[in-house]
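Take a look at the structure set out below.
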Amino acid sequence: MGFGSYDTMFVSDYDSTDILPGDESLSSAAYALSESGNYSDAITELKGLIDNYPESEYSFDAVKSIYTCYYNLDTSENQTTIDVLYGDLKQYLEAKINSGNYSEEFEDNAYNYTLMCETRMKDYDIALSGYEFIALYHPDAERRLFASWEYTNIENLLNGMGGGEKGNYELENTNDILIESEVNEISEVSEFDIQRRMQKLDELMDKDPIRKRLKDGYKKTANEKKTRITKEGYNIRDLNVNEDKLIERSKQNIYSSKNLTKEQKEKRMFADLKLILNPENIQVGKDANQDLLPTQYNLSQNYPNPFNPKTKISFDLPIDSKVKLIVYDLLGREVIRLVNNEYKIAGKYTVDFNGSNLASGVYFYRIEAADFVLTKRMVLIK
């Protein structure tokens with residue numbers, strides 16, 4: 001399900017007394033098994049869903065769910081054991097991509113999780129090449145930028161700078177992400193060098209059926225987007241101004257990061273956020289009246305934001321209400337229900353969210369309480 005607009009986004013509920021279709025039944029069974037800690041059986045159900053229902057709306061979500069189950073099974077410190085575990089998932093997902101039975105959206109999602117597997121297997125060169133590919137060719141500019149962050153994060157691991165769960169991007173001052181002049185002082189790679197690197201990547205792509213297939217899908221999606229925008233009467237160039245900035249920044253992140261210090265990389269990353277996140281939405285302090293009973297419904301900006309991997313989400317209830325608080329990914333797919341239609345008395349609440357098993361990127365969180373509905377977005381950086 002895509003967002004469309006925040007105010008119209010919803011997640012459909014179903015009556016558990018109904019006879020569920022096969023794909024929904026497998027999805028529900030996998031969820032129940034995963035919740036009970038039976039990850040191996042949950043994986044079996046999820047693979048059955050993907051194998052037998054390639055066009056199901058649940059198949060897309062099943063990819064993330066499978067990775068989460070593998071992640072929860074990842075309890076060994078032995079790298080050989082880890083390689084076997086994630087190697088199994090990588091091969092499975094690559095087979096699905098190569099089959100040609102799935103949508104471009106599914107293939108793109110599956111490829112992203114193969115790169116996460118490569119990272120867990122410490123096949124860093126392959127992961128770097130994959131994120132470089134996404135950063136250069138993906139039709140969504142924000143996805144390109146996130147891929148360039150993942151690229152930089154893996155370079156940090158290779159250079160012993162840390163990254164992943166070791167990082168903690170809590171902002172004490174919003175100026176930390178607005179120092180554009182300092183970012184501009186960082187030397188950038190010339191367009192000629194970028195084009196030369198891209199040419200080499202194109203040559204290698206012809207030998208990689210998965211990337212060649214994905215690139216064709218990216219082109220198709222981009223063309224459909226242009227056609228849709230034109231039909232709606234918009235000027236494509238006007239709409240692409242900020243996208244062009246994101247794409248250019250993605251290229252620079254990929255090709256100049258090797259020569260940057262960790263501090264320079266972090267400054268550049270925070271400057272990137274200026275392009276995709278409204279700084280006015282970044283909460284840097286606590287409400288001085290937080291102990292007073294709320295007079296109206298409210299959903300606060302998560303803090304810290306951006307975060308890695310934990311953040312807090314606060315909301316206010318002026319009266320007793322049933323509450324849903326749900327996190328979605330960039331495509332509007334449900335990630336987790338932090339509050340699942342629970343009855344809450346009037347007051348102020350804070351909920352913890354841990355994104356340790358998620359990829360870097362923009363996520364949305366939405367509250368429904370009585371007639372109050374509001375969605376905000378947050379950024380996970382690893």
*Kindly list the number of the only condition in (1) of a type in the set (Asp, Glu); (2) closer than 24 Å to residue 356 by Cβ; (3) open to solvent by less than 40 Å² (accessible area, probe 1.4 Å) that fails for residue 88.*
(3)
_Only one of 165, 155 that is under 27 Å from residue 275 (Cα atoms), modelled with pLDDT under 90 and open to solvent by 20 Å² or more (accessible area, probe 1.4 Å)_ = 165
_Enumeration of residues in region 1-48 that are small (Gly, Ala, Ser), at pLDDT 75 or above, closer than 17 Å to residue 337 by Cα and open to solvent by 40 Å² or more (accessible area, probe 1.4 Å)_ = 32, 36
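For region 323-337, check the following and say yes or no: at least one residue is touching a Ser or Thr at 6+ places or on another chain (Cβ under 6 Å) and at pLDDT 90 or above.
no
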*Within region 49-80, track down each residue that is among the polar types (S, T, N, Q) and open to solvent by 50 Å² or more (accessible area, probe 1.4 Å).*
52, 72, 75, 78, 79, 80
*Residue check for residue 106: touching a residue at least 60 places away in the same chain (Cβ under 8 Å) and either closer than 16 Å to residue 255 by Cβ or among the hydrophobic types (A, V, I, L, M, F, W, C) (or both)*: no
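Looking at residue 148, is it open to solvent by less than 20 Å² (accessible area, probe 1.4 Å) and either within 30 Å of residue 203 (Cα to Cα) or not in a helix (DSSP H, G or I) (or both)?
Numbers: open to solvent by less than 20 Å² (accessible area, probe 1.4 Å): yes; either within 30 Å of residue 203 (Cα to Cα) or not in a helix (DSSP H, G or I) (or both): yes.
It is true that residue 148 is open to solvent by less than 20 Å² (accessible area, probe 1.4 Å) and either within 30 Å of residue 203 (Cα to Cα) or not in a helix (DSSP H, G or I) (or both).
Against the definition (modelled with pLDDT of 90 or more and either open to solvent by 10 Å² or more (accessible area, probe 1.4 Å) or over 15 Å from the mean Cα position of the chain (by Cα) (or both)), how does residue 289 come out, yes or no?
On the way: modelled with pLDDT of 90 or more: no; either open to solvent by 10 Å² or more (accessible area, probe 1.4 Å) or over 15 Å from the mean Cα position of the chain (by Cα) (or both): yes.
No.
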_Members of region 325-363 found to be open to solvent by less than 20 Å² (accessible area, probe 1.4 Å) and more than 22 Å from the chain's Cα centre (by Cα), listed by number_ = 347
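From 240, 184, which residue is at pLDDT below 55, under 25 Å from residue 274 (Cβ atoms) and either in contact with a Pro (Cβ under 8 Å, 6 or more places away or on another chain) or of a type outside the set (D, E, K, R) (or both)? Spell out how you get there, then give the answer.
Numbers: 240 fails: at pLDDT below 55.
Of 240, 184, the one residue that is at pLDDT below 55, under 25 Å from residue 274 (Cβ atoms) and either in contact with a Pro (Cβ under 8 Å, 6 or more places away or on another chain) or of a type outside the set (D, E, K, R) (or both) is 184.
The values are calculated or read from the model by the stated rules, or taken from the named source; none is laboratory data. The model shown is predicted, which means the values in this text are computed figures rather than measured ones. Backbone-built Cβ (ideal geometry, glycine too); neighbour counts: all protein chains shown. Calculation scope for accessible area: heavy atoms of the full protein, side chains included, ligands and nucleic acids excluded. Shrake-Rupley method; radii C 1.70, N 1.55, O 1.52, S 1.80 Å.
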